[in-house]
Amino acid sequence: MDAITTRIAATGTDPDTGYTSYRLGGFEFTRDEYFAHVSWPKGSHIIEIDRFLRAMVRDIGWGFFYGWIFFDDIFGTTNHYGTVDLFAGAYDAGYKAKGLDHLETFPAEVVKEAFETISQNWINEGYDPLRAPLETGSPLGPKTVERTDELVRGFAAASRMLGLEGEPPVRSDATGHPINRAFADLEFDRPEIECEPGFEGQLHAINLFDHIARADVTWNPSFTAVTGASICCVTSEEHMLPVIHGNDRNEWFVQLTDEIHWQIADKNSGQPRGTIVMKAGDVCAMPADIRHQGFSPKRSMLMVLENGTPGLEKRYASGELKPYPVDFG
Amino acid sequence: MAYNTKVGSLDAYEKGSIELADDLRKYAFSNIYEVAGKSAPFERVAVVQNLEYVAETVRIEGDSPWYAAPHDEFALVMDGEVTFRFVKLADDQVPGHEGGAVRLGGVPNGPNMGRVTARRGHQVLLPKGAAYQMSAAKPAVAIVQTRDGPETVKRWSEICTLA
(Lines give C-alpha, C1' and ligand atoms only; values in the text may rest on other atoms or scores of the structure.)
Protein backbone atom coordinates (compact mmCIF):
# COMPACT_ATOMS: atom_id res chain seq x y z
CA MET A 1 0.00 0.00 0.00
CA ASP A 2 1.35 3.43 -0.93
CA ALA A 3 1.87 5.79 1.97
CA ILE A 4 -0.39 8.83 2.17
CA THR A 5 1.79 11.92 2.09
CA THR A 6 -0.93 14.46 2.92
CA ARG A 7 0.10 16.28 6.09
CA ILE A 8 -2.01 17.14 9.10
CA ALA A 9 -4.51 19.98 8.66
CA ALA A 10 -6.39 22.01 11.26
CA THR A 11 -10.14 21.84 10.75
CA GLY A 12 -11.32 24.39 13.28
CA THR A 13 -11.12 25.55 16.87
CA ASP A 14 -13.88 24.93 19.38
CA PRO A 15 -15.00 28.33 20.69
CA ASP A 16 -15.86 26.91 24.10
CA THR A 17 -12.89 24.66 24.92
CA GLY A 18 -10.32 26.47 22.80
CA TYR A 19 -8.85 23.24 21.42
CA THR A 20 -8.19 22.83 17.69
CA SER A 21 -9.39 19.81 15.73
CA TYR A 22 -7.29 18.14 13.04
CA ARG A 23 -7.51 15.85 10.02
CA LEU A 24 -4.82 13.41 8.92
CA GLY A 25 -5.81 11.37 5.88
CA GLY A 26 -9.18 9.84 6.69
CA PHE A 27 -8.75 10.30 10.46
CA GLU A 28 -10.13 13.25 12.40
CA PHE A 29 -9.01 14.20 15.91
CA THR A 30 -11.03 16.35 18.31
CA ARG A 31 -10.72 16.89 22.05
CA ASP A 32 -13.10 18.20 24.67
CA GLU A 33 -12.58 18.72 28.39
CA TYR A 34 -12.40 14.99 29.19
CA PHE A 35 -11.86 13.01 26.03
CA ALA A 36 -10.10 12.67 22.70
CA HIS A 37 -12.40 11.70 19.84
CA VAL A 38 -10.98 9.85 16.84
CA SER A 39 -13.19 9.32 13.81
CA TRP A 40 -12.73 7.74 10.41
CA PRO A 41 -15.06 7.11 7.45
CA LYS A 42 -16.67 4.02 9.00
CA GLY A 43 -16.67 4.81 12.70
CA SER A 44 -15.54 6.79 15.68
CA HIS A 45 -13.90 6.15 19.03
CA ILE A 46 -13.51 7.98 22.34
CA ILE A 47 -10.41 7.82 24.58
CA GLU A 48 -9.91 9.39 28.01
CA ILE A 49 -7.67 12.42 27.38
CA ASP A 50 -4.96 11.61 29.94
CA ARG A 51 -4.45 8.18 28.44
CA PHE A 52 -4.54 9.55 24.89
CA LEU A 53 -1.89 12.20 25.56
CA ARG A 54 0.34 9.86 27.60
CA ALA A 55 0.28 7.40 24.71
CA MET A 56 0.76 9.97 21.97
CA VAL A 57 3.74 11.72 23.55
CA ARG A 58 5.50 8.41 24.19
CA ASP A 59 4.78 7.20 20.67
CA ILE A 60 6.55 10.32 19.37
CA GLY A 61 9.48 9.93 21.76
CA TRP A 62 9.93 6.25 20.99
CA GLY A 63 9.97 6.93 17.24
CA PHE A 64 6.91 4.62 17.12
CA PHE A 65 8.98 1.94 18.89
CA TYR A 66 8.93 -1.69 17.78
CA GLY A 67 5.72 -2.93 16.20
CA TRP A 68 2.25 -2.06 17.49
CA ILE A 69 1.45 0.75 19.93
CA PHE A 70 -2.17 0.44 20.99
CA PHE A 71 -3.41 3.64 22.63
CA ASP A 72 -6.21 1.35 23.80
CA ASP A 73 -7.77 -1.78 22.32
CA ILE A 74 -9.00 0.11 19.24
CA PHE A 75 -6.70 2.93 18.12
CA GLY A 76 -2.95 2.94 17.58
CA THR A 77 0.08 2.83 15.32
CA THR A 78 2.29 0.19 13.72
CA ASN A 79 5.89 0.97 12.93
CA HIS A 80 7.28 -0.19 9.60
CA TYR A 81 10.54 1.75 10.08
CA GLY A 82 10.03 4.47 7.49
CA THR A 83 6.27 4.33 7.28
CA VAL A 84 3.69 4.12 10.07
CA ASP A 85 0.18 2.68 10.03
CA LEU A 86 -2.59 4.52 11.83
CA PHE A 87 -5.31 2.03 12.64
CA ALA A 88 -8.71 1.90 14.30
CA GLY A 89 -10.29 -1.44 15.08
CA ALA A 90 -7.89 -3.25 12.75
CA TYR A 91 -6.82 -5.59 15.59
CA ASP A 92 -10.18 -5.92 17.32
CA ALA A 93 -12.30 -8.96 16.52
CA GLY A 94 -15.59 -7.07 16.84
CA TYR A 95 -14.64 -4.14 14.64
CA LYS A 96 -13.18 -6.53 12.06
CA ALA A 97 -16.32 -8.65 12.01
CA LYS A 98 -18.53 -5.60 11.48
CA GLY A 99 -16.24 -4.10 8.85
CA LEU A 100 -15.73 -0.96 10.91
CA ASP A 101 -11.95 -1.23 11.01
CA HIS A 102 -9.74 1.30 9.24
CA LEU A 103 -6.02 1.55 8.51
CA GLU A 104 -3.95 4.11 6.62
CA THR A 105 -0.20 4.22 6.06
CA PHE A 106 1.83 7.42 6.19
CA PRO A 107 5.50 8.35 6.06
CA ALA A 108 6.79 8.29 9.64
CA GLU A 109 7.66 11.97 9.57
CA VAL A 110 4.06 12.84 8.62
CA VAL A 111 2.67 11.01 11.64
CA LYS A 112 5.37 12.47 13.88
CA GLU A 113 4.49 15.99 12.75
CA ALA A 114 0.78 15.26 13.25
CA PHE A 115 1.21 13.89 16.76
CA GLU A 116 3.49 16.77 17.74
CA THR A 117 0.96 19.29 16.42
CA ILE A 118 -1.94 17.70 18.29
CA SER A 119 0.06 17.30 21.51
CA GLN A 120 1.29 20.87 21.41
CA ASN A 121 -2.26 22.22 21.05
CA TRP A 122 -3.92 19.85 23.52
CA ILE A 123 -1.40 19.97 26.40
CA ASN A 124 -1.62 22.84 28.86
CA GLU A 125 1.00 24.21 31.19
CA GLY A 126 1.16 22.27 34.43
CA TYR A 127 0.46 18.89 32.84
CA ASP A 128 3.33 16.62 31.85
CA PRO A 129 2.18 13.29 30.39
CA LEU A 130 5.66 11.77 30.76
CA ARG A 131 5.54 12.07 34.55
CA ALA A 132 3.71 9.74 36.90
CA PRO A 133 0.15 10.85 37.65
CA LEU A 134 1.11 11.73 41.25
CA GLU A 135 3.82 14.06 39.96
CA THR A 136 1.92 16.24 37.53
CA GLY A 137 -1.21 18.30 37.13
CA SER A 138 -4.47 17.43 35.41
CA PRO A 139 -5.04 17.40 31.64
CA LEU A 140 -8.76 17.96 32.11
CA GLY A 141 -10.67 21.10 31.30
CA PRO A 142 -10.55 23.78 28.61
CA LYS A 143 -7.43 25.10 26.94
CA THR A 144 -5.37 27.46 29.07
CA VAL A 145 -1.74 28.10 28.14
CA GLU A 146 0.30 25.84 25.87
CA ARG A 147 3.54 24.47 27.21
CA THR A 148 6.64 25.98 25.68
CA ASP A 149 9.21 23.47 26.98
CA GLU A 150 10.03 20.19 25.29
CA LEU A 151 7.13 17.74 25.36
CA VAL A 152 9.39 14.81 24.57
CA ARG A 153 12.48 14.00 26.58
CA GLY A 154 14.22 11.27 28.47
CA PHE A 155 15.07 8.93 25.60
CA ALA A 156 18.87 9.07 25.89
CA ALA A 157 20.28 6.54 23.44
CA ALA A 158 23.81 5.30 24.04
CA SER A 159 25.55 3.67 21.09
CA ARG A 160 28.01 1.76 23.31
CA MET A 161 27.56 2.62 26.98
CA LEU A 162 26.08 5.51 28.87
CA GLY A 163 28.64 7.88 30.38
CA LEU A 164 31.53 7.05 28.05
CA GLU A 165 33.16 9.95 26.27
CA GLY A 166 30.89 11.10 23.45
CA GLU A 167 27.89 9.24 24.86
CA PRO A 168 24.85 10.64 26.72
CA PRO A 169 25.65 11.39 30.36
CA VAL A 170 24.47 9.40 33.33
CA ARG A 171 21.73 11.33 35.18
CA SER A 172 22.92 13.28 38.23
CA ASP A 173 22.16 16.34 40.32
CA ALA A 174 24.33 18.25 37.84
CA THR A 175 22.08 17.24 34.92
CA GLY A 176 19.02 18.38 36.89
CA HIS A 177 17.81 14.92 37.90
CA PRO A 178 17.43 14.45 41.66
CA ILE A 179 16.66 11.02 43.11
CA ASN A 180 12.95 10.32 42.76
CA ARG A 181 10.89 10.22 45.94
CA ALA A 182 10.08 6.54 45.44
CA PHE A 183 13.76 5.53 45.60
CA ALA A 184 14.80 7.84 48.41
CA ASP A 185 15.18 4.82 50.71
CA LEU A 186 18.02 3.36 48.62
CA GLU A 187 21.69 4.16 49.13
CA PHE A 188 23.60 4.95 45.98
CA ASP A 189 27.35 4.64 45.70
CA ARG A 190 29.69 4.58 42.76
CA PRO A 191 31.72 1.68 41.44
CA GLU A 192 35.44 2.12 42.09
CA ILE A 193 37.44 2.29 38.89
CA GLU A 194 41.21 1.98 39.24
CA CYS A 195 42.99 2.31 35.90
CA GLU A 196 46.67 1.60 35.45
CA PRO A 197 48.66 4.37 33.74
CA GLY A 198 48.07 4.34 30.02
CA PHE A 199 44.62 2.80 30.27
CA GLU A 200 42.68 5.80 31.53
CA GLY A 201 39.22 5.96 29.99
CA GLN A 202 39.30 2.33 28.83
CA LEU A 203 37.63 0.93 31.94
CA HIS A 204 34.12 2.11 32.65
CA ALA A 205 31.29 1.44 35.07
CA ILE A 206 28.22 3.34 36.25
CA ASN A 207 25.61 3.06 38.97
CA LEU A 208 22.72 2.03 36.74
CA PHE A 209 20.22 2.00 39.62
CA ASP A 210 21.16 5.60 40.43
CA HIS A 211 20.59 6.55 36.78
CA ILE A 212 17.15 4.93 36.77
CA ALA A 213 16.24 6.39 40.16
CA ARG A 214 16.82 9.88 38.79
CA ALA A 215 14.50 9.54 35.78
CA ASP A 216 11.90 12.30 35.65
CA VAL A 217 9.86 10.28 33.16
CA THR A 218 8.06 6.96 33.41
CA TRP A 219 7.70 4.15 30.87
CA ASN A 220 10.30 5.88 28.73
CA PRO A 221 13.45 3.81 28.26
CA SER A 222 17.01 4.92 27.74
CA PHE A 223 19.60 2.78 25.98
CA THR A 224 22.46 2.20 28.42
CA ALA A 225 24.56 -0.57 26.88
CA VAL A 226 24.75 -1.94 23.36
CA THR A 227 26.67 -4.95 22.07
CA GLY A 228 26.07 -5.72 18.42
CA ALA A 229 22.31 -5.40 18.01
CA SER A 230 21.58 -6.33 21.64
CA ILE A 231 20.22 -3.24 23.34
CA CYS A 232 19.89 -2.84 27.08
CA CYS A 233 17.14 -0.33 27.85
CA VAL A 234 16.27 0.74 31.38
CA THR A 235 13.27 2.63 32.59
CA SER A 236 11.41 3.67 35.71
CA GLU A 237 7.83 2.45 35.83
CA GLU A 238 5.01 3.88 37.93
CA HIS A 239 1.23 3.62 37.62
CA MET A 240 0.39 2.02 34.23
CA LEU A 241 2.01 1.73 30.86
CA PRO A 242 -0.22 4.16 28.97
CA VAL A 243 -0.14 2.04 25.84
CA ILE A 244 -0.57 -1.63 25.06
CA HIS A 245 2.55 -2.82 23.27
CA GLY A 246 2.48 -5.52 20.64
CA ASN A 247 6.05 -6.18 19.61
CA ASP A 248 7.09 -7.27 16.12
CA ARG A 249 9.87 -9.37 17.67
CA ASN A 250 10.61 -11.13 20.94
CA GLU A 251 11.79 -8.93 23.79
CA TRP A 252 12.81 -9.65 27.37
CA PHE A 253 12.08 -8.00 30.70
CA VAL A 254 14.34 -8.19 33.75
CA GLN A 255 12.67 -6.81 36.88
CA LEU A 256 15.38 -4.99 38.82
CA THR A 257 13.33 -3.76 41.80
CA ASP A 258 9.76 -3.99 43.13
CA GLU A 259 7.07 -5.48 40.91
CA ILE A 260 5.05 -5.01 37.75
CA HIS A 261 1.83 -6.78 36.82
CA TRP A 262 1.59 -7.52 33.09
CA GLN A 263 -1.72 -8.20 31.35
CA ILE A 264 -1.17 -10.39 28.30
CA ALA A 265 -3.49 -10.71 25.30
CA ASP A 266 -3.38 -12.12 21.79
CA LYS A 267 -1.82 -9.50 19.53
CA ASN A 268 -4.19 -9.85 16.62
CA SER A 269 -7.52 -10.32 18.38
CA GLY A 270 -7.00 -8.75 21.79
CA GLN A 271 -8.29 -11.95 23.43
CA PRO A 272 -6.90 -12.00 27.03
CA ARG A 273 -4.38 -14.74 27.85
CA GLY A 274 -3.72 -13.94 31.51
CA THR A 275 -1.33 -12.18 33.87
CA ILE A 276 2.35 -12.24 34.77
CA VAL A 277 3.54 -10.70 38.04
CA MET A 278 7.25 -9.93 37.91
CA LYS A 279 9.17 -9.32 41.13
CA ALA A 280 12.77 -8.27 41.73
CA GLY A 281 15.08 -10.67 39.93
CA ASP A 282 12.41 -12.17 37.66
CA VAL A 283 13.10 -12.56 33.96
CA CYS A 284 10.40 -13.06 31.35
CA ALA A 285 10.14 -13.06 27.57
CA MET A 286 7.41 -11.14 25.80
CA PRO A 287 6.72 -13.24 22.70
CA ALA A 288 6.13 -11.64 19.31
CA ASP A 289 2.50 -12.79 19.06
CA ILE A 290 1.11 -11.00 22.12
CA ARG A 291 0.23 -7.52 23.31
CA HIS A 292 1.11 -6.54 26.86
CA GLN A 293 0.39 -3.74 29.30
CA GLY A 294 2.17 -3.18 32.62
CA PHE A 295 0.91 -1.90 35.97
CA SER A 296 3.45 -0.83 38.58
CA PRO A 297 1.87 -0.11 42.00
CA LYS A 298 5.11 1.46 43.28
CA ARG A 299 7.73 3.07 41.06
CA SER A 300 10.00 0.24 39.97
CA MET A 301 13.10 -0.34 37.87
CA LEU A 302 12.86 -2.43 34.72
CA MET A 303 15.50 -3.58 32.25
CA VAL A 304 14.37 -4.41 28.73
CA LEU A 305 16.60 -6.34 26.33
CA GLU A 306 15.77 -5.78 22.68
CA ASN A 307 17.27 -7.19 19.50
CA GLY A 308 17.58 -4.22 17.14
CA THR A 309 18.71 -6.22 14.11
CA PRO A 310 17.33 -4.39 11.04
CA GLY A 311 14.67 -6.30 9.15
CA LEU A 312 13.90 -8.63 12.03
CA GLU A 313 10.23 -7.63 11.93
CA LYS A 314 9.90 -9.05 8.41
CA ARG A 315 11.46 -12.37 9.43
CA TYR A 316 8.96 -12.73 12.28
CA ALA A 317 6.04 -11.58 10.12
CA SER A 318 6.88 -14.07 7.39
CA GLY A 319 7.02 -16.95 9.84
CA GLU A 320 10.73 -17.55 9.23
CA LEU A 321 11.31 -16.95 12.95
CA LYS A 322 9.11 -18.38 15.67
CA PRO A 323 7.18 -15.84 17.76
CA TYR A 324 8.83 -17.07 20.94
CA PRO A 325 12.52 -17.01 21.81
CA VAL A 326 13.62 -20.25 23.48
CA ASP A 327 13.88 -23.73 22.05
CA PHE A 328 13.38 -26.16 24.93
CA GLY A 329 14.56 -29.05 22.76
CA MET B 1 4.83 9.10 52.15
CA ALA B 2 7.90 6.92 52.72
CA TYR B 3 8.59 4.19 50.17
CA ASN B 4 10.18 0.80 50.65
CA THR B 5 12.00 -0.33 47.53
CA LYS B 6 12.14 -4.11 47.21
CA VAL B 7 15.31 -5.65 45.84
CA GLY B 8 16.27 -9.29 45.74
CA SER B 9 19.35 -11.19 46.90
CA LEU B 10 20.65 -14.73 46.95
CA ASP B 11 19.41 -15.07 50.52
CA ALA B 12 16.07 -13.30 50.17
CA TYR B 13 13.99 -13.05 47.05
CA GLU B 14 10.35 -13.57 46.18
CA LYS B 15 9.55 -14.97 42.77
CA GLY B 16 6.50 -13.64 40.97
CA SER B 17 3.87 -15.66 39.14
CA ILE B 18 2.76 -16.49 35.63
CA GLU B 19 -0.86 -17.47 35.04
CA LEU B 20 -1.60 -17.71 31.35
CA ALA B 21 -3.84 -19.69 29.06
CA ASP B 22 -0.83 -20.29 26.86
CA ASP B 23 2.27 -22.47 26.57
CA LEU B 24 4.48 -21.12 29.38
CA ARG B 25 7.63 -22.18 27.51
CA LYS B 26 7.05 -19.18 25.23
CA TYR B 27 7.70 -16.85 28.17
CA ALA B 28 10.74 -18.63 29.73
CA PHE B 29 9.92 -17.16 33.15
CA SER B 30 12.80 -17.48 35.65
CA ASN B 31 14.44 -15.63 38.52
CA ILE B 32 18.13 -14.76 38.55
CA TYR B 33 18.55 -15.34 42.30
CA GLU B 34 16.92 -18.74 42.06
CA VAL B 35 19.13 -19.60 39.08
CA ALA B 36 22.31 -18.37 40.79
CA GLY B 37 21.34 -20.17 43.99
CA LYS B 38 21.36 -23.48 42.12
CA SER B 39 24.42 -22.80 39.98
CA ALA B 40 28.05 -23.69 40.47
CA PRO B 41 30.38 -20.71 40.71
CA PHE B 42 30.94 -19.11 37.31
CA GLU B 43 28.43 -21.19 35.40
CA ARG B 44 27.10 -18.68 32.88
CA VAL B 45 23.45 -19.69 32.69
CA ALA B 46 21.33 -18.13 29.94
CA VAL B 47 18.18 -16.48 31.28
CA VAL B 48 17.60 -14.37 28.14
CA GLN B 49 17.96 -15.53 24.54
CA ASN B 50 17.32 -13.14 21.68
CA LEU B 51 18.51 -15.14 18.64
CA GLU B 52 22.33 -14.91 18.84
CA TYR B 53 22.26 -12.66 21.91
CA VAL B 54 21.90 -13.80 25.51
CA ALA B 55 22.01 -12.55 29.05
CA GLU B 56 23.69 -14.91 31.47
CA THR B 57 23.20 -15.17 35.20
CA VAL B 58 26.51 -15.77 36.94
CA ARG B 59 27.10 -16.84 40.52
CA ILE B 60 30.41 -15.26 41.50
CA GLU B 61 32.21 -16.92 44.38
CA GLY B 62 35.99 -16.85 44.69
CA ASP B 63 38.11 -16.14 41.60
CA SER B 64 36.78 -16.93 38.14
CA PRO B 65 38.76 -18.17 35.18
CA TRP B 66 39.91 -15.46 32.81
CA TYR B 67 37.48 -14.70 29.98
CA ALA B 68 37.55 -12.69 26.76
CA ALA B 69 35.06 -12.02 23.97
CA PRO B 70 35.37 -10.65 20.44
CA HIS B 71 32.92 -7.84 21.36
CA ASP B 72 31.91 -5.71 24.33
CA GLU B 73 30.04 -7.39 27.15
CA PHE B 74 28.33 -5.74 30.12
CA ALA B 75 27.90 -7.04 33.66
CA LEU B 76 25.20 -5.74 36.01
CA VAL B 77 25.83 -6.72 39.61
CA MET B 78 22.58 -7.74 41.33
CA ASP B 79 23.88 -8.93 44.70
CA GLY B 80 27.15 -8.72 46.64
CA GLU B 81 30.43 -7.07 45.72
CA VAL B 82 32.46 -8.11 42.68
CA THR B 83 35.95 -7.12 41.60
CA PHE B 84 36.62 -7.19 37.87
CA ARG B 85 40.31 -7.33 36.88
CA PHE B 86 41.34 -6.51 33.32
CA VAL B 87 44.37 -7.41 31.19
CA LYS B 88 44.99 -5.88 27.79
CA LEU B 89 45.16 -8.39 24.96
CA ALA B 90 47.37 -8.01 21.91
CA ASP B 91 45.46 -7.92 18.66
CA ASP B 92 46.36 -11.50 17.86
CA GLN B 93 45.15 -12.59 21.31
CA VAL B 94 41.60 -11.23 20.87
CA PRO B 95 39.29 -14.22 20.32
CA GLY B 96 38.24 -14.65 16.74
CA HIS B 97 35.17 -16.81 17.27
CA GLU B 98 31.72 -15.48 16.40
CA GLY B 99 30.60 -14.35 19.81
CA GLY B 100 30.22 -14.85 23.52
CA ALA B 101 32.83 -15.24 26.21
CA VAL B 102 35.55 -17.83 25.91
CA ARG B 103 37.54 -19.19 28.83
CA LEU B 104 41.30 -18.58 28.60
CA GLY B 105 43.76 -21.27 29.61
CA GLY B 106 45.42 -19.17 32.30
CA VAL B 107 46.35 -15.66 33.25
CA PRO B 108 46.87 -13.71 30.02
CA ASN B 109 50.34 -12.25 29.62
CA GLY B 110 49.35 -8.73 28.58
CA PRO B 111 49.64 -5.55 30.62
CA ASN B 112 47.41 -5.02 33.65
CA MET B 113 44.72 -2.43 32.79
CA GLY B 114 43.31 -2.05 36.29
CA ARG B 115 40.18 -3.11 38.10
CA VAL B 116 36.59 -2.16 38.87
CA THR B 117 34.84 -2.92 42.15
CA ALA B 118 31.08 -3.04 41.75
CA ARG B 119 28.05 -3.68 43.93
CA ARG B 120 24.29 -4.05 43.41
CA GLY B 121 23.08 -1.79 40.63
CA HIS B 122 26.50 -1.13 39.12
CA GLN B 123 26.91 -1.85 35.41
CA VAL B 124 30.43 -2.63 34.23
CA LEU B 125 31.86 -2.52 30.71
CA LEU B 126 33.80 -5.68 29.83
CA PRO B 127 35.50 -4.20 26.79
CA LYS B 128 36.49 -5.93 23.60
CA GLY B 129 40.25 -6.31 23.55
CA ALA B 130 40.54 -7.03 27.26
CA ALA B 131 40.49 -10.24 29.24
CA TYR B 132 38.68 -10.15 32.56
CA GLN B 133 38.41 -12.05 35.79
CA MET B 134 35.52 -11.78 38.27
CA SER B 135 36.14 -12.22 42.00
CA ALA B 136 33.98 -12.12 45.11
CA ALA B 137 34.83 -12.97 48.69
CA LYS B 138 31.17 -13.84 49.37
CA PRO B 139 28.66 -15.26 46.87
CA ALA B 140 27.49 -12.55 44.48
CA VAL B 141 25.24 -12.42 41.42
CA ALA B 142 25.61 -10.63 38.09
CA ILE B 143 23.75 -10.55 34.77
CA VAL B 144 26.06 -10.47 31.75
CA GLN B 145 24.77 -9.03 28.47
CA THR B 146 26.64 -10.84 25.71
CA ARG B 147 26.27 -13.19 22.75
CA ASP B 148 25.54 -16.88 22.83
CA GLY B 149 28.98 -18.46 23.13
CA PRO B 150 30.99 -21.46 24.20
CA GLU B 151 30.60 -20.65 27.91
CA THR B 152 26.82 -20.15 27.74
CA VAL B 153 25.00 -22.84 29.73
CA LYS B 154 21.40 -23.63 28.78
CA ARG B 155 19.07 -25.52 31.04
CA TRP B 156 15.78 -23.83 30.33
CA SER B 157 13.61 -26.72 31.49
CA GLU B 158 15.24 -26.57 34.92
CA ILE B 159 15.15 -22.82 35.47
CA CYS B 160 11.81 -21.83 33.95
CA THR B 161 8.34 -21.95 35.47
CA LEU B 162 6.45 -24.33 33.20
CA ALA B 163 3.29 -25.04 35.15
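For the reader, a short list of remarks on this structure follows.
- Kirkwood-Stokes translational diffusion coefficient of region A:33-150, alpha-carbon pairs, 10 °C, 1.306 mPa s, µm²/s: 106
- Note on region B:1-84: with charges restricted to the Cβ of Lys and Arg (+1) and Asp and Glu (-1), its dipole about the Cα centre is near 180 debye.
- Taking a Cβ cut-off of under 14 Å around A:D128, the surrounding Lys, Arg, Asp and Glu residues balance to a net charge of -3, with basic ones at +1 and acidic ones at -1.
- Volume per residue of the convex hull around the Cα atoms, evaluated for region A:181-317, comes out as 122 Å³.
- Taking a sphere under 14 Å around the Cβ of A:L53 and counting the other residues whose Cβ falls inside, with K and R at +1 and D and E at -1, yields a net charge of -3.
- With the simple spin-label model, which puts each label point 7 Å out from Cα in the Cβ direction, the A:S269 to A:A10 separation comes to 4.5 nm.
- Difference of contour (0.36 nm per residue) and Cα-Cα distance, A:L103 to A:L140: 10.4 nm
- Dipole size of region A:85-165 about its Cα centre, with +1 on Lys/Arg Cβ and -1 on Asp/Glu Cβ: approximately 240 debye, rounded to the nearest 20.
- Within chain A, helix-based [θ] at 222 nm, where runs of 4 or more DSSP H residues each add -39,500 (n - 2.57), nearest 500: -4000 deg cm²/dmol
- For chain A, lysine pairs with C-alpha atoms less than 29 angstrom apart, excluding pairs fewer than eight positions apart on the same chain, total 20.
- Cβ-derived FRET efficiency at R0 35 Å, A:D149 paired with A:H80, nearest 0.05: 0.70
- Placing dummy labels 7 Å off each Cα toward the beta-carbon, the span from A:Y34 to B:N112 is 7.0 nm.
- Model label zone, B:A163; criterion: amide N under 20 Å from point 7 Å along Cα-to-beta-carbon; scope region B:30-59: B:30-31
- In the distance distribution for the protein assembly as shown, Cα-Cα pairs more than 28 Å apart total 54 percent.
- Accessible area of region A:1-113 divided out per residue, in Å², using a probe of 1.4 angstrom: 41
- Amide hydrogen proximity for A:T83: with H placed 1.01 Å from N in the peptide plane, the residues at 5 or more positions away or on another chain lying under 5 Å are A:A108.
- Peptides ranked, highest mean first, by Cβ atoms within 10 Å: ranges A:60-68, B:140-148, B:152-160: B:140-148, A:60-68, B:152-160
- Interface between chains A and B: roughly 5600 Å² of accessible area buried, both sides summed (probe 1.4 Å, protein heavy atoms only).
The values are calculated or read from the model by the stated rules, or taken from the named source; none is laboratory data. Remember, it's a predicted structure, so these values are computed and weren't measured experimentally. Don't worry about glycine lacking a Cβ; one is built from the backbone with ideal geometry, like all the others, and counts go over all protein chains shown. Remember, those area values only see protein heavy atoms, side chains included, never the ligands or the DNA or RNA. Shrake-Rupley method; radii C 1.70, N 1.55, O 1.52, S 1.80 Å.
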